[in-house]
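Accompanying notes for the structure given below.
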Amino acid sequence: MDRIIVFDTTLRDGEQSPGCSMNLREKIEVARCLEKLKVDVIEAGFAISSPGDFESVKTISESVKECTVASLARANVKDIDAAWEAVKGAADPRIHLFIATSDLHMQYKLKMTPEQVLEAAASMTAYAKKYCSNVEFSAEDATRSDWDFLAQVISAAIASGATTVNIPDTVGYTTPAEMRALFEYLREHVQGADKAIFSTHCHDDLGMATANTLAGIQGGARQIECTVNGLGERAGNTALEEVIMAMHTRPNAYPFEARIDTTQIARASRTVYSIIGQSAPLNKPIVGRNAFAHEAGIHQHGVLANKLTYEILTPESVGVSTNNLVLGKHSGKHAVDDRLRSLGYALSKEDLEACFEEFKVLCDKKKVVTDADLEAIADHRAVVSESADELGYRLDWFSVHTSNFTTATCTVSLTKDGEKYEDVCLGDGPIDAAFNAIDKIVRPVPHTFDIYNIHSISEGKDTLGDVTIKLTAENRTYTGKGLSTDIIEASIVAYLKAMNKLCAATAKEKESA
Ligand code: KIV
Ligand code: ZN
């Protein structure tokens with residue numbers, strides 16, 4: 001079987017899309033998941049784009065051991081210098097440089113002639129190569145470029161030392177037949193084609209990113225660029241889980257092999273959704289809650305007689321647990337630890353202790369604690385565990401009064417460093433009232449309230465509500481998460497966590513000023 005290199009760009013193309021920005025800690029958490037998933041390359045960011053991006057590419061480069069780590073760079077000296085500075089500490093660093101090759105982009109965006117673009121592709125690839133043996137060159141908007149010119153640019157990049165050449169469908173415009181033909185053409189017409197790996201990078205504007213990626217592989221690509229959950233600019237990038245499971249499920253159609261541990265897919269998907277404060281659409285292929293649900297009577301009948309009637313891949317193969325009724329009030333820490341381990345979590349003693357405490361609290365509120373509940377508790381622990389300087393305000397108690405004919409009021413009592421703080425406020429509903437009361441106590445610096453997202457972890461009226469809140473101040477995002485069967489409590493906890501991070505950052509800035 002031919003080996004496919006999986007290049008994940010969740011932390012670059014995914015993260016740069018609106019509503020998906022992540023802070024350093026969240027990026028590190030995603031990088032950890034990607035390493036467990038066994039992607040080959042992690043594109044950790046675009047080092048020159050901001051000091052925050054530079055720092056996260058550098059930190060991820062220094063912590064990831066099992067994957068290549070890449071930074072994006074435009075085809076210029078400054079970008080390439082920054083990319084190298086950020087990735088040089090990686091076990092296997094890669095510089096990924098790009099320049100556009102379509103007439104539209106060259107004329108209106110770059111204001112460069114084709115000759116100038118050709119020269120920049122060659123000279124900047126050679127410049128990157130002086131730093132790093134592993135250099136990827138991308139021809140932005142390749143699928144709308146003149147094929148002959150594209151072949152010349154790719155030939156020049158390979159002659160200058162590019163080891164991977166990427167052919168992006170930047171605006172999600174191409175079709176599977178065109179994609180396959182383009183790769184076949186390039187494999188035939190590019191000089192030195194056998195000296196580099198050809199790569200696909202598709203966007204999903206017309207819903208064809210997965211099909212186009214698979215067609216690219218059939219045309220000769222041996223690297224796929226993708227993101228977890230298909231995150232990315234506009235309609236997103238190719239979803240990693242879709243391409244991988246298509247190859248896995250249809251080996252006759254796609255006789256290719258990737259290094260991915262498919263049983264980590266569900267977990268990586270949950271982590272990424274949880275960090276950006278979204279949940280999978282119910283019918284999302286592979287990772288949506290309904291992806292393995294058989295509701296119609298005829299389907300259920302068939303599945304009971306023989307799973308293969310309606311099931312082309314198993315939930316277990318992507319790490320979805322089908323064991324639903326699990327633990328209860330009388331279960332001990334060992335049983336919880338055992339169950340978490342079988343779900344793929346190896347927690348530290350401290351994290352296990354914290355999860356067990358939350359589990360016990362949940363058992364008092366909820367009749368049945370499912371695997372999904374347990375996974376949510378463990379995921380929250382991973383994503384929200386705080387550093388000492390973010391501990392700040394804690395919820396002591398709250399009381400709300402609300403109805404559909406009066407204005408909601410909320411009193412909150414918080415503690416910080418042994419002191420008690422109480423205030424009361426009106427609001428447009430109980431959650432707004434609670435947030436207003438918190439604002440009166442905390443008095444945060446001006447910020448925007450970007451995302452409030454709530455979703456249920458499982459079925460039933462007593463389900464856990466999972467709340468994510470994102471605030472932005474001075475171009476930095478602060479995320480808070482809360483998990484409770486009481487959605488007002490979950491919202492208050494999430495808001496306080498985001499607030500504490502914002503206050504800690506403000507205090508740090510004041511200190512260093
Ligand atoms: O879509 C695109 O063209 C890109 C390149 C920068 C690789 O993301
Ligand atoms: Zn892209």
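Which ones in the stretch 254-290 are among the aliphatic types (A, V, I, L, M) and without any contact (Cβ under 8 Å) to a residue 24 or more places away in the chain?
Leu282
From the list Val57, Val69, the lone residue that is touching a Pro at 6+ places or on another chain (Cβ under 7 Å) and buried (at least 19 other Cβ atoms within 10 Å of the Cβ) is Val69. Exactly one residue among Asp428, Asp432 is more than 30 Å from the chain's Cα centre (by Cα) and modelled with pLDDT of 95 or more, and that residue is Asp428. Examine the stretch 291-301 for a residue that is surrounded by 10 or more Cβ atoms within 10 Å (Cβ to Cβ) and at pLDDT 80 or above, and state whether such a residue exists. Yes, some residue in the stretch 291-301 is surrounded by 10 or more Cβ atoms within 10 Å (Cβ to Cβ) and at pLDDT 80 or above. Which one is nearest to Gly277 (Cα to Cα), of the residues in the stretch 432-473 that are charged (D, E, K, R) and surrounded by fewer than 19 Cβ atoms within 10 Å (Cβ to Cβ)? That would be Asp450.
Tell me whether the stretch 30-50 contains one or more residues that are of a type in the set (D, E, K, R), farther than 17 Å from Val228 by Cβ and either within 16 Å of ligand 2 (Cβ to nearest atom) or outside any strand (DSSP E or B) (or both). Scanning the stretch 30-50 turns up no residue that is of a type in the set (D, E, K, R), farther than 17 Å from Val228 by Cβ and either within 16 Å of ligand 2 (Cβ to nearest atom) or outside any strand (DSSP E or B) (or both).
Here's a check for you: in the stretch 187-205, which residue that is within 16 Å of ligand 1 (Cβ to nearest atom) and in contact with a helix residue (DSSP H, G or I) (Cβ under 9 Å, 6 or more places away or on another chain) is nearest to Ala162 (Cα to Cα)? Among them, the one singled out is Ala196. The number of residues in the stretch 78-118 being surrounded by fewer than 23 Cβ atoms within 10 Å (Cβ to Cβ), aliphatic (A, V, I, L, M) and assigned to a loop (DSSP other than H, G, I, E, B) comes to 2. Looking only at residues of the stretch 161-174 that are within 26 Å of the chain's Cα centre (by Cα) and hydroxyl-bearing (Ser, Thr, Tyr), we find that the one that is nearest to ligand 1 (Cβ to nearest atom) is Thr170.
Looking across the stretch 176-203, just one residue is assigned to a helix (DSSP H, G or I) and in contact with a Lys or Arg (Cβ under 6 Å, 6 or more places away or on another chain), and that is Ala193. Residue pairs whose Cβ atoms lie under 7 Å apart, sitting 6 or more positions apart in sequence or on different chains, and linking a residue in the stretch 150-175 that is within 19 Å of Pro114 (Cα to Cα) and touching a residue at least 24 places away in the same chain (Cβ under 8 Å) to a partner that is of a type in the set (Lys, Arg) and more than 16 Å from ligand 1 (Cβ to nearest atom), are Ile158/Lys195; Ser160/Lys129.
Among the conditions (1) closer than 30 Å to Ala159 by Cα; (2) within 14 Å of ligand 1 (Cβ to nearest atom), Phe256 misses just one, which is (2). So is Thr68 under 24 Å from Ala346 (Cβ atoms) and in the same structural domain as Val228 (by TED's automatic domain parsing) or not? Against the criterion (under 24 Å from Ala346 (Cβ atoms) and in the same structural domain as Val228 (by TED's automatic domain parsing)), Thr68 does not qualify. Of everything in the stretch 1-29, what is within 14 Å of Leu231 (Cβ to Cβ) and in a loop (DSSP other than H, G, I, E, B)? Give them in sequence order. Selection gives Thr9, Glu15, Gln16, Ser17, Pro18, Gly19, Cys20, Ser21, Met22. In the stretch 319-338, the qualifying residues are those that are buried (at least 18 other Cβ atoms within 10 Å of the Cβ) and touching an Asp or Glu at 6+ places or on another chain (Cβ under 7 Å), and the one that is farthest from Arg267 (Cα to Cα) is Val326.
Say we look at the stretch 218-245 and pick out the residues that are in a loop (DSSP other than H, G, I, E, B), within 16 Å of ligand 1 (Cβ to nearest atom) and over 12 Å from the mean Cα position of the chain (by Cα); which of these is nearest to Ala196 (Cα to Cα)? Ranking the qualifying residues of the stretch 218-245, first place goes to Ala221.
The values are calculated or read from the model by the stated rules, or taken from the named source; none is laboratory data. Being a predicted model, the structure only gives us computed values, none of them experimental. Here the Cβ is made from the backbone with ideal geometry for all residues, glycine too, and neighbour counts use every protein chain on show.
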